[in-house]
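Scroll down for the structure; my scribbles are underneath it.
What follows is calculated from the coordinates using simple rules that are stated; it is not laboratory data. These numbers come from a predicted model, not from an experiment. Don't worry about glycine lacking a Cβ; one is built from the backbone with ideal geometry, like all the others, and counts go over all protein chains shown.
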């Protein structure tokens, strides 16, 4: 009877998952203060908004962008980023989003802490963790990803953690109040090609001179095992007569996608985006000889504690949900999947999507199953998915490059 009931629940959940799930995005750019921060936050926010629509296929009317100065980009920015307008945006999404939909809220700006309460700096009153907790109650039926890239954001983990929520913060505590670099690298992971290899400090800089034609541009690629593979920067033009200098340099888009896509399956999950941003932050601090003053955290198991190094393999640990969440709306299709016509590969891609849908369907059963039953089946499915990913990679390696 127990197995039959579980099968019925699974089939119902699978049907719900197979239905047209929708993604809803709210990007909030807060007070910049100095002009360099206004420019930086505007750059990060617009790249994220554009990527949500153009790269990840989210309908434009399901992406809301609130910013300090709407007149700076009236075509993209819907309204000023006051707390009242943020609440209005969350309410509007709650009214139109279905239970299976994913709501992604990203805060880009400065944070602060006063009287033990962490805040996000907006034009007008600064909302606290408690204010956001009340606002997010309207999204109890949806899955929520809440990303606070600001300083002093660590308290948002404990304050907002809960079922069906993935909380990401740029800092571990409210005491980490220095400006953060996490937001820029997180946007790089999600948005892709544009300047992801540049240090955050260079975002607003305009070079005095242009690089000569054919000049190589340095890049840093994060390998799947966490090691760093640096491409040497050079201003020497490529020499077509030099046999050692004829190999084409990796395109900027390839370098960035490879860097964030740790398992090399052609797409970047929320967990991969978090890990990429966290590691790049550490790299920049070490490169500059500075003490690391921001420690990003991720919580997706609802315990309110968060992890700086999520382990999606360990039962009950943070990272298991985030590894299956993507900005891309609808079925996630890797770039390789869109480019190949090899029948064997297409069959493997279809098999992988089926397993992914089964994983997502099983997650919807969490509240209706005993914890041990839920965890055992989830572990089995994740192992099956990992093996299928390995099979896909091996098959891709055997297909001749076009």
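In whole angstrom, note down how far apart the Cα centers of the range 286-305 and the range 63-97 are. The range 286-305 and the range 63-97 have Cα centres separated by 28 Å. Reducing the range 111-157 and the range 353-402 to their Cα centroids gives an inter-centroid distance of 33 Å. When each of the peptides 32-40, 276-284 is scored by how many other beta carbons lie within 10 Å of its residues on average, the order from highest to lowest is 276-284, 32-40. Highest average first, the peptides 149-160, 59-70 ordered by how many other beta carbon atoms sit within 10 Å of their residues are 149-160, 59-70. The order of the peptides 136-145, 368-377, 89-98 by mean Cβ neighbours within 10 Å, most packed first, is 136-145, 89-98, 368-377.
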